[in-house]
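> Below are the structure tokens for one structure; questions will follow.
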Amino acid sequence: MTNSWFATLAAFSHNPFNLIILATGIWVVALLFYSFKKMSKEKFANIILALVLFLIGATIHLIFDKLIIESNYWI
């Protein structure tokens with residue numbers, strides 16, 4: 001936690017809008033590759049599934065962070 005990169009990473013990852021923008025950017029790049037026939041339909045579907053699971057995991061992380069860390073008296 002004393003590393004100078006920690007504050008930047010914490011500020012980026014604890015904002016849901018940054019994570020949504022990151023997932024949207026990856027989706028747009030994958031869509032471009034798929035539309036130019038540089039990626040198969042199966043790989044495109046796998047990337048979409050991975051992005052959905054990433055957003056679900058990030059949402060669960062942020063909810064638990066809000067419930068446990070920010071509302072706990074001792075932390």
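The values are calculated or read from the model by the stated rules, or taken from the named source; none is laboratory data. Since the structure is predicted, the reported quantities are computational estimates derived from the model, not experimental observations. Note: accessible area is taken over every heavy atom of the protein model, side chains too, but ligands, DNA and RNA are not part of it. Shrake-Rupley method; radii C 1.70, N 1.55, O 1.52, S 1.80 Å.
> Enumerate the helices in the chain for which the Kyte-Doolittle hydropathy averages 1.0 or more and the C-alpha atoms extend at least 18 Å along the helix's axis, using complete DSSP H runs.
Passing helices, by number: 16-35, 41-64.
> While we're looking at this one, here's another question. Once phi is turned into θ = phi - 60°, what whole-Hz ³J(HN,Hα) does the Karplus curve with 6.51, -1.76 and 1.60 give for every residue of the stretch 66-71, x standing for Gly and Pro?
My calculation for the stretch 66-71 gives 5, 6, 8, 6, 7, 9 Hz in order.
> A further question follows. Ignoring ligands, DNA and RNA, what percent of the 1.4 Å accessible area of the stretch 32-75 is carbon and sulfur? Write out the running numbers ahead of the final one.
On the way: 2840 of 3940 Å².
Answer for the stretch 32-75 is 72 percent, counting heavy atoms of protein chains only.
> Say we join alpha carbon atoms closer than 10 Å with springs in a Gaussian network model of the chain; which of Ala58, Ala23, Ala45 then has the biggest fluctuation?
Ala45
> If you work out Rg and Dmax of the Cα atoms in Å from the coordinates, which of (i) 15.0, 44; (ii) 14.1, 43; (iii) 16.4, 54 do you get?
Looking at Rg and Dmax of the Cα atoms in Å for this model, the match is (iii).
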